[in-house]
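Throughout, read-outs are computed from the coordinates displayed, never taken from laboratory work. As the structure is a prediction and not an experimental result, all values here were calculated from the model. Positions of Cβ are generated from backbone atoms using ideal geometry, with glycine treated the same way; all protein chains shown enter the neighbour counts.
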Amino acid sequence: MKQRIIDLSVTLQNGIPSDPPPFLPAIDYHNHAAGALQLAAMFPGLSPDDLPEKEGWAVEFVNMSTHAGTHMDAPWHYHSHMKDGARSLTIDEIPLSWCIGPGVKLDFRHYPDGYVIGPADLDKEFARIGHTLSAGDIVLINTTAGDRYGHEDYLERGCGVGRSGTLYLTQKGVRLVGTDAWSWDAPFAYTRARYQQTGDSSLIWEGHYAGNETPYCQIEKLSALNSLPDNGFTVISLPIKVHRASAGWCRTIALVDE
């Protein structure tokens, strides 16, 4: 059967508000003329004039966190150890079996920015699309942030999944989830307001911290989720093996039967 590939990853680039200022990636581009000088320096007696059209290689140097662009968080990102005391998995230890599986898209674009999704919201959406959740499903949530990547309001857009909603998924055997928002949790601007009103610190990063109880990974900054069907597709998202790291960049795709 023929399959269509849908790229669910964002493009990593300079000059857009993709992250809070301290975490913005920086890409330093070296063109072919600079590459000719670099190449010539490796061969004594060689001049850039001796190279085809005086050009060498193009190369880029990137300074960024492991959470830049489309990336996968490992349990180590959420906490140093699990509830049972075992050390949390780092990204280079994640089983690849978690990273390939049947995909389910949940459309939460009708929820306001800052809304915290719980089990009842998940049940309602699964019922709407007629899907019974199974262990190994990869659950992707489509939020209002999906169309705002690269815009000034991106970090404040979209809803998030709370602790109870996250545990609802992981206790049913889901090990990989994803969102087109900056974070699996609700945007910090809304969480900060709730915390200031209540003084309840359990509201902070509650979806992430649920990974301390049942291990799971999450993909953040996905794109094009609105182009996916509700289910019936395969997700492939393989993280870069950064030694002992809390996350790894990934190129996430969906395979959709045609």
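Report yes if some residue within the range 219-228 is touching a Cys at 6+ places or on another chain (Cβ under 8 Å) and assigned to a strand (DSSP E or B); otherwise report no. Yes, because at least one residue in the range 219-228 is touching a Cys at 6+ places or on another chain (Cβ under 8 Å) and assigned to a strand (DSSP E or B). Kindly indicate whether any position in the range 146-160 is within 17 Å of the chain's Cα centre (by Cα) and acidic (D, E). Within the range 146-160, one or more residues are within 17 Å of the chain's Cα centre (by Cα) and acidic (D, E). For beta carbons closer than 6 Å, sequence separation of 6+ or different chains, a first residue in the range 116-133 that is more than 23 Å from R157 (Cβ to Cβ) and a second that is assigned to a strand (DSSP E or B), the qualifying pairs are H131/V104; H131/N231. For the range 37-87, a residue qualifies if it is small (G, A, S) and either within 27 Å of R251 (Cβ to Cβ) or in contact (Cβ under 8 Å) with a residue 24 or more places away in the chain (or both), and the qualifying residues are G56, A58, S65, A68, G69, A74. Quickly run through the range 107-156 and pick out the residues that are under 15 Å from L169 (Cα atoms) and part of a loop (DSSP other than H, G, I, E, B). G118, H131, T132, L133, S134, A135, G136, D137 - these are the residues of the range 107-156 that are under 15 Å from L169 (Cα atoms) and part of a loop (DSSP other than H, G, I, E, B). Just so you know, in the range 66-99 the residues that are part of a loop (DSSP other than H, G, I, E, B) and polar (S, T, N, Q) include one that is surrounded by the most Cβ atoms within 10 Å (Cβ to Cβ), and it is T70. Scanning the range 1-46 for residues that are surrounded by fewer than 16 Cβ atoms within 10 Å (Cβ to Cβ), of a type in the set (D, E, K, R) and assigned to a loop (DSSP other than H, G, I, E, B) returns a single hit, K2. In the set (1) touching a Gly at 6+ places or on another chain (Cβ under 9 Å); (2) without any contact (Cβ under 8 Å) to a residue 40 or more places away in the chain; (3) under 18 Å from K221 (Cβ atoms), L140 fails one condition alone, (2).
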